[in-house]
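Notes follow the structure.
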Amino acid sequence: SHICALCHIDHRKIAIMVSIVDRALPKTPSKRWAEIFFLLYCPVWIAIFVAVVVTQVYEQFQELEYFLLCAGIAIPCVLYPLLFPCEADRNTPLLERYWVKANVWIWIFGWVGNYFWTHYFFSVLGAEYTFPSWRLNGVPFCLFFATHAYFIFYHSMTNVILRLLNDKLQACSCATRTKFFVRCAVIAALAYFTALMETWTIASFPYYSFKNRQAAYTVGSAFYALYFVVSFPMFLRIDEKPGDKWPLSRVAIDSLGAAMLVTILLDAWRLIVGNLDGTTAAGGIVWFG
């Protein structure tokens, strides 16, 4: 009877875990499969980056090698689901599949981030890239691809967390205003944690530096978090409600709208808070200078 009781407890635990996982993942089969894929792929590209940094093989890299490394970790986000579609996607037109929409949203948002917002990192945070690279608007072009892999993981992970949060809040009897503030606080915490962890984990790479690294960890992470306080809740909305499939045009417009809002927040920081070194921001927009 003791063994039966243990089995009963184990079954209950398993049932609870299955219920949590089911609530954490989207109801739409196409989106569910894509999020699982993006999350499972993450350890692969992280392991590649870790191997490159630990072995210091990057010391032998030139422009081509950096580009191949970064493009190589981003391309599977598109290539694998294209070549091996899930059951739900096989009879669905390509542009209506969730993984396509997710990649388009993240690519647009990341492109704007690299092309424009990196210059805020240069001027406001005192950041500098010194590794050999082909550059677009003064930004290493390979980073456009690395950012894609990073961001698609971040947003898939926070989708899971925010979905569980929304589920809890819906079951809560507290006031609507309280739910709103709780949701805002959790999103802000996720955004700051994500920004801080990225800044900390790449600290051992010597060719990405800050004038004041300690301030970059603390204050600079809050600046970087402005990306995610906007993008995390907005990205979650894509195909989230069963029966409400977004056309690709809406996906693109939504990403551009998120990017514009982040741009406003970053420039407001530049003008109101100023640079990390305490100097006053220059009058012109940084990426027009």
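Quick one: is S255 farther than 17 Å from T118 by Cα and surrounded by 18 or more Cβ atoms within 10 Å (Cβ to Cβ)?
So S255 fits the description; yes.
So which of W111, W117 is more than 18 Å from F38 (Cβ to Cβ), surrounded by 14 or more Cβ atoms within 10 Å (Cβ to Cβ), touching a residue at least 60 places away in the same chain (Cβ under 8 Å) and of a type outside the set (S, T, N, Q)?
Just a single option satisfies the conditions, and that option is W117.
Mind listing just one residue for me: the one in the stretch 92-116 that is over 15 Å from the mean Cα position of the chain (by Cα) and not charged (D, E, K, R) and, of those, nearest to Y66 (Cα to Cα)?
Out of the qualifying residues, it is Y115.
Here are the criteria: (1) over 14 Å from the mean Cα position of the chain (by Cα); (2) surrounded by 15 or more Cβ atoms within 10 Å (Cβ to Cβ); (3) over 26 Å from V100 (Cα atoms). Tell me which single one A171 does not satisfy.
(2) is the only condition that A171 fails.
Within the stretch 49-64, which residues are under 22 Å from W107 (Cα atoms), open to solvent by less than 70 Å² (accessible area, probe 1.4 Å) and without any contact (Cβ under 8 Å) to a residue 60 or more places away in the chain?
F49
Quick one: in the stretch 65-103, of everything that is basic (K, R) and either without any contact (Cβ under 8 Å) to a residue 60 or more places away in the chain or assigned to a loop (DSSP other than H, G, I, E, B) (or both), which residue is surrounded by the fewest Cβ atoms within 10 Å (Cβ to Cβ)?
Per the stated criteria, the residue is R90.
Touching a Gly at 6+ places or on another chain (Cβ under 9 Å) and surrounded by 15 or more Cβ atoms within 10 Å (Cβ to Cβ): is that true of F153 in this structure?
no
State yes or no: is F232 out of contact with any His (no Cβ under 8 Å at 6 or more places or on another chain) and on the phi < 0 side of the Ramachandran plot?
It is false that F232 is out of contact with any His (no Cβ under 8 Å at 6 or more places or on another chain) and on the phi < 0 side of the Ramachandran plot.
Going through the stretch 132-145 one residue at a time, which ones are open to solvent by 10 Å² or more (accessible area, probe 1.4 Å) and at negative phi?
Within the stretch 132-145, P132, S133, W134, R135, L136, F141, L143, F145 meet the criteria.
When residues of the stretch 240-252 are filtered for being outside any loop (DSSP other than H, G, I, E, B) and either open to solvent by 70 Å² or more (accessible area, probe 1.4 Å) or under 18 Å from T158 (Cβ atoms) (or both), how many remain?
Residues flagged as outside any loop (DSSP other than H, G, I, E, B) and either open to solvent by 70 Å² or more (accessible area, probe 1.4 Å) or under 18 Å from T158 (Cβ atoms) (or both) within the stretch 240-252 amount to 3.
K211 passes all but one of (1) within 30 Å of K27 (Cβ to Cβ); (2) open to solvent by 70 Å² or more (accessible area, probe 1.4 Å); which number fails?
K211 satisfies all of (1) within 30 Å of K27 (Cβ to Cβ); (2) open to solvent by 70 Å² or more (accessible area, probe 1.4 Å) except (1).
The values are calculated or read from the model by the stated rules, or taken from the named source; none is laboratory data. Since the model is a prediction, treat every value here as computed from it, not as a measurement. Note that each Cβ is placed from the backbone with ideal geometry, even for glycine, and that neighbours are counted across all protein chains shown. Just so you know, the surface numbers come from the protein's heavy atoms only, side chains and all, with ligands and any DNA or RNA stripped out. Shrake-Rupley method; radii C 1.70, N 1.55, O 1.52, S 1.80 Å.
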